[in-house]
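Okay, structure first, notes after.
Please treat every number below as a calculation from the coordinates, not as lab data. All figures in this text were calculated on a predicted structure; none of them were measured in a lab. Note that each Cβ is placed from the backbone with ideal geometry, even for glycine, and that neighbours are counted across all protein chains shown.
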Amino acid sequence: MTQYFFALVNPEVESLFKLEMKLYYPQMKLAYSRSGFFTFKGGDEKKFQPLMCRLSGRCIGKIDLKDLKAPFWAWKRTEELNLSPELTQISDNTWFKIGETARLLMMVGENEYWLGEYELEEDHLQTPGEVSFLKDIDSPSRAYYKIAEAAEALNLDFAEGVRVLELGSAPGGASQFLLEQGCEVIGVDPALMDPKILKYPRFKHFKAPFESLTERSIRDRIDWIVSDINLPPTVVIKEVLRLESFLQPKGLVLTLKLNQDKHLEHLGKIISQVEKAGFRIFVKHLPTHRKEVALIAWRS
C-alpha cells in the first residue's frame, strides 16, 4: 500500500524545501500542494524528516468533517481561512503527550480539510501545525522569537546565572529574551544596541566585530555561544569553533542563514565539523524562520 506524507512549509522557504526534496528524497513524488502545504507519495516514513519545513508526518488524506473524531489539533493554511468555533474549541482543549500519535486537522482551503498524524517528540512545539506560540512581542528584532522558540523546543537551560556570549547581538532581540530569563549576556557587535537593552546591568556590549575576539577579550566563564549573524554558515562556523576552542561553552545556539542553494548542500559538512569538535547536534527549522535553521549543540 502506497504511503502518503505531508509537510507544512513557511512560504519564504518553499524553494529551499523543493531543493531539499530533490536532493534527499528523489524517490518521493509530489501528490498535491498549495502554498504552505505539500503532500507526497512513496518513501519510508521512518526516514521522511525534511529539514526545511515546520512539521511533517503521515498524510491520511482529505476528510469530511462528519467523519472526523476527536481528539485532534486544528491548523489553517492562511489567516484568511476561518476554523469553526467548534473545531477551535476541540483543538484548544486537546493535549498530546510525548510519544503519542498526534492527529492534525489541516484546513487547506474553504471547505477543504486534510488529516495527518505524527509521533510527538520532545523537540516538537506543543502547538497545532508547529506555529509560533509567541504573539506581538515588543522587541528590537525578530531574533527574540528565534531564540525563544529554540529554547522552548529543546528545553534549553537559559536561566539566572547562565552566561551567554552573543555574536552579532545588535539591535538586541535575542539579548532581550536571554536577559528576561535572568542570563548574563555579553553582546558582540560593532553596531548600536537598542537603548532598553543597555539598561540591563547584566548586559555588557563589546562594540567590535566578533572576528576580533581573542582569548584575552573574554575573561568571564561562558556557558553558551549564541549567534544570528547574517553571514554564510561556513564563515560563522569557522569563527564559532575558533572561539569555543578556548571558551569551552557547554552549548551553542546558531541561526545559520541558507540564502543560497549551496548553503543547504553544505549543511551536512558543517554539522560534521561541529560534531568533530565534541558536540552532539540538533538542527531544526523553527516557526519564525525564513531561509535559515537553528543548529543547537551540546558538549558530548
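Along the positive direction of the dipole of the chain (beta-carbon charges: Lys, Arg +1; Asp, Glu -1; about the Cα centre), which of ILE237, ALA31, PRO85 reaches farthest?
ILE237
Would you please give the residues with an amide H less than 5 Å from that of ARG163, counting only those at least 5 places away or on a separate chain, with H modeled from the backbone geometry?
GLU184, ASP223, TRP224
Taking the Cα centre as origin and putting +1 on Lys and Arg beta-carbons and -1 on Asp and Glu beta-carbons, what dipole magnitude results for the chain, to the nearest 20 debye?
780 debye
Rounded, prolate or oblate for the range 143-299? Axes are the square roots of the Cα gyration tensor eigenvalues, ordered a ≥ b ≥ c, and the cut-off for rounded is a/c under 1.5.
Working: a/c = 1.44, a/b = 1.31, b/c = 1.09.
Rounded, since a/c falls under 1.5.
Local charge sum around GLU14 (other residues, Cβ-Cβ under 15 Å, Lys/Arg +1, Asp/Glu -1)? Before the final figure, lay out the partial values.
On the way: positive: LYS18, LYS22, ARG34, ARG54, ARG77, ARG290, LYS291; negative: GLU12, GLU20, ASP261, GLU292.
It works out to a net charge of +3.
In the neighborhood of SER169, defined by Cβ-to-Cβ distances under 9 Å, what is the net charge if each Lys or Arg adds +1 and each Asp or Glu adds -1?
Taking every other residue near SER169 into account, the sum is -3.
Magnitude of the Cβ-charge dipole of the range 230-283, K/R +1 and D/E -1, about the Cα centre, nearest 20 debye?
In total the dipole reaches around 100 debye.
Compute, for the range 143-299, the length of the dipole vector about the Cα centre, with Cβ point charges of +1 (Lys, Arg) and -1 (Asp, Glu) only. Units Debye, rounded to 20.
That gives the range 143-299 a dipole magnitude of about 260 debye.
If you average the alpha carbon positions of the range 236-285 and of the range 142-161, how far apart do those two centres end up, in angstrom?
First find each Cα centre; the distance between them is then 18 Å.
Near ILE281, within a Cβ-to-Cβ distance under 13 Å, what is the net charge of the other residues, with Lys and Arg +1 and Asp and Glu -1? Walk me through the intermediate numbers first.
Numbers: positive: LYS269, LYS276, ARG280, LYS284, ARG299; negative: ASP123, GLU275.
Surrounding charge for ILE281 is +3.
Could you tell me what percent of the DSSP beta bridges with both partners in the chain are antiparallel, to the nearest 5?
Just about 65 percent of them are antiparallel.
In the range 6-67, what GluC sites (Glu not before Pro) fall in a loop by DSSP, with at most 16 other Cβ atoms inside 10 Å?
GLU45
Please identify every one of the GluC sites (Glu not before Pro) in the range 204-247 that sits in a loop by DSSP and has no more than 16 other beta carbons within 10 Å of its own beta carbon.
Taking the range 204-247 and a limit of 16 other Cβ atoms within 10 Å, the loop GluC sites (Glu not before Pro) found are GLU215.
Within the range 137-178, report the GluC sites (Glu not before Pro) that DSSP leaves as loop and that have at most 14 other Cβ atoms within 10 Å.
GLU160
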